[in-house]
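> Take a look at the following structure, please.
Bear in mind these aren't lab numbers, they're just calculated from the coordinates by the rules spelled out. Since this is a predicted model, take the numbers as computed values, not measurements. Counting neighbours? That spans all protein chains shown, and the Cβs are built from the backbone with ideal geometry, glycine included.
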Amino acid sequence: MAHKLSLDGVEALAHDCLTASGASPLQAAAVARSIRDAEAEGTRGIGLGYLQWYCGHLKVGKIAGHALPTVRQTAPGRVQVDAADGFAHPAYEAGEAALVSAAHSQGIAMLGISNAYACGVLGYFTARLARQGLLAMMFANASSTMAPWGGRKPFFGTNPWSLAAPRSGVPLILDSSSSATAYVNLATAAARGEAIPLHWALDAEGQPTTDAEAALEGTIAPAGGHKGSALALMVEVLAAGLTGAHFSHEASSLGDDLGGPPRLGQTLIAIHPGQADFATRIEGLLAAMASQPGVRVPGDRRHSQRRTTEREGVDVDDALMGRLHSLAGRR
């Protein structure tokens with residue numbers, strides 16, 4: 001049996017679970033908003049389904065539940081936020097206004113976040129900036145789950161990146177990882193005893209595998225071979241190199257309860273287009289691209305899903321709802 005939740009209900013349940021697990025209202029509110037957004041857009045793997053990981057890592061100290069982010073503007077176009085071992089979401093929110101102001105006054109500005117937990121869907125952050133008229137890019141590293149091209153041992157994280165740009169209506173959103181898949185997809189397949197696509201992962205001997213359990217003992221494959229590995233390295237330099245955060249191979253694992261806070265990094269770059277017709281021109285570009293049969297504009301599926309979810313709500317199965325109610329202390 002499935003339970004129906006409105007997006008307000010999703011956010012409230014997430015907030016309750018987080019606070020019951022040790023998060024302050026400041027930390028919980030920012031993360032609950034991101035979970036609401038993930039569920040709205042159908043990115044369920046980092047929505048309510050991932051909430052249990054957040055709560056577990058709060059309880060074991062991988063996330064400092066009462067962290068207070070600190071913001072410093074170290075140059076006219078550079079804003080730095082220390083997440084203080086808390087979630088990335090409240091750290092971003094603490095620095096967002098300064099980033100937007102600097103981008104408008106300077107034409108381009110950077111927000112660097114250090115000492116943070118993983119940030120989930122990067123498009124959530126870049127879309128916020130695009131809705132304020134800015135072209136936005138974001139880079140985030142994660143704990144090691146992917147070997148560099150030619151290697152066998154995890155070194156890089158899935159290391160996602162995102163770009164969002166204003167359009168005449170909803171933003172253009174590109175959101176991708178440097179890896180062939182996300183760690184959570186391997187873990188889910190292993191738990192269900194399901195096979196995985198051959199290009200997703202390598203076993204401990206460095207050979208492609210369809211066995212999810214063998215993949216967890218090995219490494220996620222980079223997306224597009226050496227190109228994905230190069231992207232992962234680029235993200236490391238931008239997300240951790242620029243912020244002083246841990247590189248992926250230095251961070252504690254996001255997949256277990258050991259090792260304390262991972263102290264990861266996230267970097268956002270916001271650019272004021274400087275052209276009154278920028279959004280109109282982007283709309284024209286996308287219309288020309290999508291005029292070919294079978295072509296889809298990136299991000300349009302999530303916008304369509306949001307409209308459906310706002311109208312119909314979210315279905316949550318019995319098992320997940322039971323676990324979340326237990327985490328929230330609801331009976």
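> Give me the percent of DSSP beta bridges within region 71-178 that run antiparallel, rounded to the nearest 5.
Numbers: 14 of 19 bridges.
Rounded to the nearest five, the antiparallel share is 75 percent.
> May I pose another question? Using 7 Å Cα-to-Cβ label points, what is the T280/V71 separation (nm, one decimal)?
Rounded to a tenth, the inter-label distance reads 3.3 nm.
> Which of the aspartates and glutamates could be linked to K153 by a straight reach, that is with a Cα gap under 13 Å, when you skip same-chain ones fewer than 8 residues away?
Straight-distance partners of K153: D203, E205, E217.
> While we're looking at this one, here's another question. How much length is gained if the chain between A288 and T188 is pulled fully straight, taking 0.36 nm per residue apart and subtracting their Cα-Cα distance, in nm to one decimal?
Gain on stretching A288 to T188: 32.2 nm.
> Give the aspartates and glutamates reachable from K4 as a straight Cα distance under 15 Å; neighbours fewer than 8 places away on the same chain don't count.
Output for K4: E39, E310, E312, D315, D317, D318.
> Still on this structure, I have one more. So what does log10 I(q)/I(0) come out to for region 213-307 at q = 0.10, 0.15, 0.18, 0.22 Å⁻¹, using the Debye formula with one equal point on every Cα and no solvent?
Taken in order of the listed q values, log10 I(q)/I(0) reads -0.53, -0.99, -1.09, -1.14.
> So what is the calculated 222 nm ellipticity per residue for the chain, using -39500 (n - 2.57) for each DSSP H run with n of 4 or more, over all residues, to the nearest 500 deg cm²/dmol?
Value at 222 nm, helices only: -12500 deg cm²/dmol.
> Using a Cα-Cα cut-off of under 13 Å, which aspartates and glutamates could be cross-linked to K227, ignoring same-chain neighbours fewer than 8 residues away?
none
> If packing is taken as the mean number of other Cβ atoms within 10 Å per residue, what is the order of 8-16, 188-196, highest first? Could you put the intermediate results ahead of the total?
On the way: 8-16: 19.7, 188-196: 13.6.
Taking the mean over residues of other Cβ atoms within 10 Å, the ranking is 8-16, 188-196.
> Just to check I understand the Karplus step: with θ = phi - 60° and J = 6.51 cos²θ - 1.76 cosθ + 1.60, what whole-Hz values come out for region 204-215, glycine and proline as x?
5, 8, x, 9, x, 9, 9, 8, 4, 5, 5, 5
> For the residue pair H104 and E250, what label-to-label distance in nm results when each label sits 7 Å from Cα along the Cα-to-beta-carbon direction?
3.6 nm
> Oh, and also: How far apart, in nanometres, would the label points at R301 and D317 be if each is projected 7 angstrom from Cα along the Cα-to-Cβ direction?
It is 2.0 nm.
> Starting from the Cα gyration tensor of region 25-86, take the square roots of the eigenvalues, sort them a ≥ b ≥ c, and report rounded, prolate or oblate (rounded when a/c is under 1.5, otherwise prolate if a/b is larger than b/c, else oblate).
Details: a/c = 2.86, a/b = 1.50, b/c = 1.91.
Oblate.
> A follow-up question, please. Counting residues in the chain as N, plug N into 2.2 N^0.38 Å and put the Cα Rg over that result.
Cα Rg divided by the expected 2.2 N^0.38 Å: 0.98.
> In percent, what relative contact order does the chain have, based on Cα pairs under 8 Å that are 6 or more apart in sequence?
It rounds to 23 percent for the chain.
> Sticking with this structure for a sec: Can you compute the charge dipole magnitude of the chain about its Cα centre, using +1 on each Lys and Arg Cβ and -1 on each Asp and Glu Cβ, nothing else charged? Give it in debye, rounded to the nearest 20.
Charge dipole of the chain: 600 debye, to the nearest 20.
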